[in-house]
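Please treat every number below as a calculation from the coordinates, not as lab data. Keep in mind that what you see is a predicted model, and the values were worked out from it rather than measured. Glycine also receives a Cβ, built like all others from the backbone with ideal geometry; neighbour counts cover every protein chain displayed.
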Amino acid sequence: MKALIDKYTAKLVSQGLAGESDIRLLAVDEEIYANTPSDHPLVGIDALKEVFGLMNINSLLFAVPAEPRRSIISELLRHGLSDLPGYRAVVPEDCETRTFFHDIPVIESPEPRRIAEVLSERKSAIVEAGPAVVSYGTISPEQAFISYSSACFSTFVKYFHDHLAYLDSCRRKNALPDRERTAAFEGIKGLLHAGRAAESLQPLRKGPPGDEAAVYAMMAEAGRRLVSERLVDSFFGNISCCFNGRIYISETAASLDELEGCIDAVPVDGSSSVGITSSSEFATHRAIYGMTPYRFILHGHPKFSVIMSMHCLRECPSRGLCYKACPEKRRVCGVPVVPGEVGTGPTGMVRTVPEAFRVSDSVIVYGHGVFTAGGEDFNGPFLRMKELEAECEREYFSMVESLSTSP
């Protein structure tokens with residue numbers, strides 16, 4: 001158990017989610033282990049251990065997010081809270097929150113009974129004191145890590161999406177934005193890429209692959225790069241290759257930086273049930289391969305691509321249902337934006353994403369993420385996703401600048 005605690009503590013640090021001194025990760029085996037015996041300034045180890053007696057859990061994670069996430073959450077506590085029946089919460093509108101969280105409750109302080117009460121209904125919560133994020137797992141510390149990472153992703157997307165909407169509201173009212181609010185935004189902007197390791201300029205393995213072993217190696221390498229260059233968060237995202245009559249695809253809930261042993265080889269003709277553990281978006285990948293000449297697909301959740309996909313000022317009868325039933329033909333930075341829910345239902349992305357690939361090598365799913373595809377290997381899809389995210393970030397801040405300077 002100690003090895004797992006150390007593993008996910010290291011992941012939190014390497015992915016820029018929290019500093020090591022701000023992490024308290026506990027898990028139970030024969031006894032409760034912690035990544036450190038020392039108390040956090042906001043909460044003691046013994047208090048966190050009390051939560052295990054109040055909930056049927058395997059692990060508990062309490063951490064103060066690293067910048068800029070700490071400041072982002074602080075600003076959401078000031079300007080982005082919703083008053084729901086009986087509690088306050090951050091209510092993001094991205095796909096992951098709708099699917100997995102619903103909302104992220106806010107509690108005043110990390111009192112054990114209050115933590116247990118809130119986490120009995122939700123996978124994570126924001127603690128105002130700090131601010132901090134607390135999450136848990138019932139089977140493994142991995143679950144606590146996933147929920148914490150997902151909360152960081154969702155609050156990031158909500159903050160930047162909300163700020164753009166706020167500035168547009170000021171423009172429509174012919175009012176100047178609040179100086180304190182815009183100053184906080186500029187401070188967060190300055191922290192966005194601070195301390196980030198230089199991105200790797202090394203190309204991925206070149207294709208096409210000669211055999212199955214090469215396919216596995218190419219997928220594992222591409223998955224690690226998606227994570228290391230922060231084009232995915234948590235376990236979200238998936239990756240596949242169509243080779244010799246089979247679709248090789250990451251398993252559902254697989255961490256893309258640990259794909260060895262977590263890739264399914266599914267016959268294209270559906271003659272095997274081996275794909276039962278594959279990604280929930282397998283049907284979308286298969287349809288893309290059936291409609292196009294592409295043979296390599298990446299699906300990630302680059303944040304500004306998601307944020308820009310959600311920014312739409314049109315008034316229409318489908319407002320609020322944009323993620324599954326948008327009638328508009330939209331593009332962001334030249335890339336089609338389509339609606340679509342996870343899965344194969346009537347509003348599933350399997351009905352929208354493959355069709356968009358007939359005219360583009362990349363597609364953004366509203367509030368969800370980016371699909372990119374290529375014919376020889378993962379180099380083209382990987383570079384296209386990086387390029388698109390950079391374009392979306394530039395476009396976002398260009399819009400902010402324009403709205404901030406004109407009442």
Counted neighbours (other Cβ, 10 Å), sorted fewest up, put CYS326, CYS392, CYS316 in the order CYS316, CYS326, CYS392
Cα-based Rg and Dmax for region 212-397, in Å, come out at 15.6, 51
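Run the dipole for region 2-163 about the Cα centre, Lys and Arg Cβ at +1, Asp and Glu Cβ at -1, nothing else charged, and hand back the magnitude in debye, nearest 20.
On the way: 15 positive and 23 negative charges, 40 e Å.
Charge dipole, region 2-163, about its Cα centre: 200 debye, nearest 20.
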Cα-based Debye curve of region 68-191 sampled at q = 0.10, 0.13, 0.15, 0.18 Å⁻¹ gives log₁₀ I(q)/I(0) of -0.33, -0.54, -0.70, -0.96
Given backbone amide H placed at 1.01 Å from N, residues whose amide H is under 5 Å from that of HIS40, ignoring those fewer than 5 places away on the same chain, are ILE45
In nanometres, the difference between 0.36 nm per residue of separation and the alpha-carbon distance of ASP83 and SER169 is 28.9 nm
Phi-derived 3J(HN,Hα) across region 69-76 with the Karplus relation (6.51, -1.76, 1.60, θ = phi - 60°), rounded Hz, x for Gly and Pro, is 5, 4, 5, 4, 5, 4, 5, 5
What the Cα atoms of region 123-202 span along the principal axes, largest first and in whole Å, is 53, 37, 21
Rounded to whole angstroms and listed largest first, the alpha-carbon spread of region 2-163 along its three principal axes comes to 45, 33, 29
Residues meeting the amide H criterion for GLY137 (H placed from the backbone, H to H distance under 5 Å, 5 or more places apart or on another chain) are ASN58, SER59, LEU60, ALA144
In order over region 108-121: 3J(HN,Hα) from phi, Karplus 6.51/-1.76/1.60, θ = phi - 60°, whole Hz, x for each Gly or Pro, gives 6, 8, x, 7, x, 5, 5, 4, 4, 4, 6, 6, 6, 10
Calculated from DSSP helices alone, with each H run of at least 4 adding -39500 (n - 2.57) and the total divided by the residues of the chain, [θ]222 nm to the nearest 500 comes to -12000 deg cm²/dmol
Once amide hydrogens are built 1.01 Å from N within the peptide plane, the residues lying 5 or more places from ARG88 or on another chain with amide H under 5 Å from its amide H are VAL106
For the chain, the percent of all C-alpha pairs falling in each 10 Å bin, from 0 up to the bin holding the max distance, is 5, 22, 31, 26, 14, 3, 0
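Taking only C-alpha pairs under 8 Å that are 6+ residues apart, what is the relative contact order of the chain in percent? The partial results should precede the final answer.
Details: 730 pairs, mean separation 54.0, N = 407.
In percent, rounded to a whole number, it is 13.
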antiparallel share of DSSP beta bridges within the chain, to nearest 5, in %, is 90
One finds, for ARG181 and ARG230 with R0 = 25 angstrom and r their Cβ-Cβ distance, a FRET efficiency to the nearest 0.05 of 0.45
A correct Karplus calculation of ³J(HN,Hα) over region 278-289, with 6.51 cos²θ - 1.76 cosθ + 1.60, θ = phi - 60°, whole Hz and x for Gly and Pro, returns 6, 3, 5, 9, 4, 4, 5, 4, 4, 5, 4, 5
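Taking region 107-203, which trypsin sites (Lys or Arg not before Pro) meet the DSSP loop condition and have no more than 10 other C-beta atoms within 10 Å? Display every interim value, and only then the final one.
Working: sites: ARG113, ARG114, ARG122, LYS123, LYS158, ARG171, ARG172, LYS173, ARG179, ARG181, LYS189, ARG196; in loops: ARG122, LYS123, LYS173, ARG196.
Counting only loop positions with at most 10 other Cβ atoms within 10 Å, the trypsin sites (Lys or Arg not before Pro) in region 107-203 are LYS173, ARG196.
Check each of the GluC sites (Glu not before Pro) in region 1-97 and keep only those in coil by DSSP with at most 14 other C-beta atoms within 10 angstrom; list them in order. Mind dumping the intermediate values first?
Details: sites: GLU20, GLU30, GLU31, GLU50, GLU75, GLU93, GLU96; in loops: GLU30, GLU31, GLU93.
Those satisfying the criteria are GLU30, GLU31.
Let's see if you can work this out: charge +1 on each Lys and Arg Cβ, -1 on each Asp and Glu Cβ, no other charges. What is the dipole magnitude of the chain about its Cα centre, in debye to the nearest 20?
On the way: 42 positive and 53 negative charges, 242 e Å.
For the chain, the charge dipole is close to 1160 debye.
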Distance in nm between GLU212 and ARG394 label points, each 7 Å along Cα→Cβ, equals 4.4
